[in-house]
Amino acid sequence: MNLRESVGIALGGIRANKLRSFLTLLGTIIGVASVIAVVSFVEGMNKFVTDKLLNAGANVFVVDKYGFIGSEEAFEAARRRPDVTLDDADDLRLGIRNASMVVGEAEGNTSVHYRDHVLKGVSVHGRGAGYDVVDDIAIGEGRHLTEFDDRRREPVCVIGPEVAEELFANVDPIGHRIRIGVQDFEVVGLTQAKGKLFGITQDRFVTIPVRTFQKFFQERGSFSIAVKSDDESSLPLAEQEARNIMRARRHQRPGQPDLFGITTSETWLELYHKLTGGIFIVTIGVAAISLLVGGIVIMNIMLVSVTERTREIGIRKALGARRHDILAQFLVESTTLSLAGGVIGILLGAGLALGVGAVSPLPAAVSLPAVLLGVIMSTGVGVFFGSYPAVRAARLDPIDALRHE
């Protein structure tokens with residue numbers, strides 16, 4: 001009997017016993033569907049997070065007071081460091097030869113007013129010139145903030161599309177004055193929409209010059225400094241230059257720990273992968289349990305099949321079938337059963353992932369490696385759990401098999 005005939009017998013058995021076949025394959029279907037869905041979500045999240053973290057390029061790092069904090073002790077130690085100031089930003093701008101952009105940054109949160117319209121909880125960004133490159137922000141109308149605005153501490157602002165829509169409705173906001181906190185600012189720019197990140201809007205903000213922010217909202221306190229190197233290859237050089245300048249400004253001797261922090265996009269990517277790696281492994285483990293259960297069910301059904309077809313096996317051996325022929329037939333049948341469940345599971349898992357991605361902010365990406373993983377797992381389950389029934393069938397004595405009723 002050849003491979004095609006064995007596959008045909010297996011598919012015929014599935015068609016002849018639809019309910020039993022479905023219950024047999026249910027564990028494999030659930031296990032493979034779970035793995036495909038999880039892998040699709042993880043790949044979608046990885047791509048999404050990577051794109052968002054590296055939206056301004058992989059050659060951006062941030063200098064601030066805290067850096068990456070991994071423990072309460074590290075946080076308490078960082079609190080005692082000197083604040084990062086806009087004077088630090090000016091020195092970095094003048095001293096880093098491998099940087100194309102150095103931008104002072106600050107963050108706040110307050111209410112924004114226009115006539116009788118009030119928005120609460122609006123993010124206020126203080127930014128130096130060049131923030132549009134570092135933050136990956138495109139202007140829709142008007143203009144971006146400039147170095148002149150920053151040095152003169154001008155009361156001007158650029159607003160996000162959501163702020164413009166809620167405050168101005170169908171009115172062009174450019175040239176109008178809004179109140180941010182207790183100060184009036186002229187709107188000089190409106191950015192293009194960036195949409196939502198994990199369901200959180202990125203368009204509900206106002207951006208003002210960072211020195212204007214310092215004047216009205218943060219006379220004291222620490223700032224952040226975003227540095228964009230000339231390219232990815234010069235990033236380590238720019239980091240080292242920034243570290244040398246900051247250490248010199250703090251009069252630090254060789255061997256002393258930095259009194260500031262430097263973080264890159266890669267830092268946050270590594271943290272993200274550490275956090276999601278454990279979740280991914282646990283979820284795959286749970287899905288593997290479903291595959292194990294499905295494999296045991298397939299083995300049980302194949303043992304029943306061997307018992308039901310004992311006389312058939314005896315006739316085949318009497319007609320000249322060898323052990324490896326019987327072994328191959330039952331292995332092909334168990335693998336076909338498992339693979340059929342795997343194909344259904346792949347379709348179900350991919351459909352689930354894409355469906356959830358279409359109606360929610362959770363990204364998903366079905367890839368060829370994920371599909372191949374589903375095929376390999378289902379095939380492996382069929383071969384592994386079908387081996388014992390196949391060996392048992394192959395070892396049957398033809399005389400005893402022919403006497404079986």
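Scanning the stretch 178-235 for residues that are free of Cβ contacts under 8 Å to residues at least 60 places away in the same chain, over 27 Å from A99 (Cα atoms) and exposed (fewer than 13 other Cβ atoms within 10 Å of the Cβ) yields a total of 5. Pick from the stretch 328-365 the residues that are over 22 Å from G27 (Cβ atoms) and aliphatic (A, V, I, L, M): which of them is surrounded by the most Cβ atoms within 10 Å (Cβ to Cβ)? By that ranking, first place goes to A364.
Screening I178 with (1) within 24 Å of L86 (Cβ to Cβ); (2) in a strand (DSSP E or B) gives one miss only, at (1).
Checking the structure you have, find out if any residue of the stretch 343-364 is under 12 Å from I36 (Cα atoms), at pLDDT below 75 and either out of contact with any strand residue (DSSP E or B) (no Cβ under 9 Å at 6 or more places or on another chain) or in a helix (DSSP H, G or I) (or both).
Checked against the condition, which is being under 12 Å from I36 (Cα atoms), at pLDDT below 75 and either out of contact with any strand residue (DSSP E or B) (no Cβ under 9 Å at 6 or more places or on another chain) or in a helix (DSSP H, G or I) (or both), the stretch 343-364 yields at least one hit.
Run down V133, V122 and say which single residue is part of a helix (DSSP H, G or I), assigned by TED's automatic domain parsing to the domain that holds V182, closer than 30 Å to V187 by Cβ and within 31 Å of the chain's Cα centre (by Cα). Of the residues listed, the single one that is part of a helix (DSSP H, G or I), assigned by TED's automatic domain parsing to the domain that holds V182, closer than 30 Å to V187 by Cβ and within 31 Å of the chain's Cα centre (by Cα) is V133.
So that you can scan it fast, the table gives a plain yes or no per residue for (1) closer than 16 Å to A129 by Cβ; (2) at pLDDT below 95; (3) not assigned by TED's automatic domain parsing to the domain that holds V210:
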| position | (1), (2), (3) |
| --- | --- |
| R151 | yes, yes, no |
| C157 | yes, no, no |
| A164 | no, yes, no |
| N170 | no, yes, no |
| P173 | no, yes, no |
| I180 | no, yes, no |
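Residues that are charged (D, E, K, R) and surrounded by fewer than 14 Cβ atoms within 10 Å (Cβ to Cβ) do not occur anywhere in the stretch 55-71. Considering each residue of the stretch 221-230 in turn, none proves to be of a type in the set (D, E), closer than 30 Å to R153 by Cα and in a helix (DSSP H, G or I).
When the stretch 192-234 is examined, which residues are found to be of a type in the set (S, T, N, Q) and either under 24 Å from G95 (Cα atoms) or more than 33 Å from the chain's Cα centre (by Cα) (or both)? Hits for the stretch 192-234 are T212, Q214, Q218, S222, S224, S229, S233, S234.
Within the stretch 357-385, if we keep just the residues that are β-branched (V, I, T) and in contact (Cβ under 8 Å) with a residue 60 or more places away in the chain, the residue that is nearest to G195 (Cα to Cα) turns out to be V366.
The values are calculated or read from the model by the stated rules, or taken from the named source; none is laboratory data. The structure presented is a predicted model; accordingly, all values stated were derived computationally and were not measured. All Cβ positions, even for glycine, are placed from backbone atoms using ideal geometry, and neighbour counts span all protein chains on display.
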